[in-house]
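The block underneath contains the structure these notes are about, expressed in structure tokens.
No value in this document is a laboratory result; all are computed from the given coordinates. Nothing here was measured: the structure is a model prediction, and the numbers come from that model. A quick note on method: Cβ atoms are made from the backbone with ideal geometry, for glycine too, and the neighbour counts reach across all protein chains shown.
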């Protein structure tokens, strides 16, 4: 049986807003892993009254009924000891583990087993943050995690790979852009939650026979990402609403009950959708809950 599983692999990008995974076959073929039928799953988590954690689009759907039980971006809460969802408290590892469990179950559904996996993390994450990710993998039932380095024996279990290294490997292996041994490449990663900039150098094959990229310098901002653009657009649209409907904006900006929090969640989704539409067109409407005409 083990021979039939040789050569399969799973790559996972656990993002602030969305999570994406790709399966690789022994012959080198790759395809996106579908989680609940979709190649990209929202990273949000919803805790129901029984303590069960729901993820992805199910979590977002449930959040419309009770937004207080929903955390849309658990990766941004990685430094906090606990996250309160409704009447329950969860560690960041539990929330991230729920997302990874869904990915693992989808992989087992596609292949019949969980293949060796690589999970990416920001280059700026320190040992404490990487430990939270390792705990999340353990809670999800994945093999124990070890960081992918260029020295030492091959570690068992799941590999943690720094995101700029993964980007450099994609650049060279998929896009076929060579980076000679000893040369470096800069990686600019503007993600959903953070801005990360790194310089990685090709130091030759590593102990696994992989491309040996090493991060030689990195930096970034933990509080600048797509979510912050959403917040800026939300403020811009909110100023227009407040100018003509101040009471309505007061409810949306500082919701006082579940109904108002539900409306705010809808409003945030509408603004984010308008932002994404602007990548394809020059104008986009953002619906405002409460019957007011959409802002453009």
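A few remarks follow.
- Considering only alpha-carbon pairs that sit under 8 angstrom and 6 or more positions apart, the relative contact order computed for the stretch 2-163 is 20 percent.
- Per-residue Cβ neighbour rank within 10 angstrom, fewest leading, 75, 275: 275, 75
- GNM flexibility winner over the chain from 47, 138, 283 (Cα, springs under 10 Å): 283
- Principal axis extents of the Cα atoms in the chain, from largest to smallest and rounded to whole angstrom, are 63, 44, 34.
- Between 66, 27, 230, the Gaussian network model of the chain with springs among Cα atoms under 10 angstrom shows the greatest mean-square fluctuation at 27.
- Rounded to 5, the percent of DSSP beta bridges in the chain classed as antiparallel: 80 percent
- Sorted on the mean count of surrounding Cβ atoms within 10 Å across their residues, most packed first, peptides 122-132, 100-110, 236-246 read 100-110, 122-132, 236-246.
- Helix 258-277 and the longest principal axis of the C-alpha atoms of the chain enclose an angle of approximately 60°.
- Full extension of the chain segment joining residue 229 with residue 280 gains 16.7 nm, where the gain is 0.36 nm per residue of separation less the Cα-Cα distance.
- Between residue 49 and residue 250, the distance separating the two model label sites (each 7 Å from Cα on the Cα→Cβ line) works out to 3.2 nm.
- Ordered by the number of other Cβ atoms lying within 10 Å of each residue's own Cβ, fewest first, 217, 17, 43, 184 fall into the sequence 217, 184, 17, 43.
- Per residue, the chain reaches -10500 deg cm²/dmol at 222 nm when only DSSP H runs of four or more residues are counted, each adding -39500 (n - 2.57).
- Highest mobility in the GNM of the chain, judged by mean-square fluctuation with C-alpha springs under 10 Å and restricted to 57, 280, 169, is found for 280.
- Quotient of Cα Rg and 2.2 N^0.38 Å for the stretch 226-277, N being how many residues it contains: 1.09
- With neighbour counts taken as other beta-carbon atoms within 10 Å, the residues 258, 91, 158 rank, fewest first, as 258, 91, 158.
- For the chain, averaging the sequence separation of C-alpha pairs within contact (under 8 Å, six or more residues apart) and dividing by the residue count gives a relative contact order of 12 percent.
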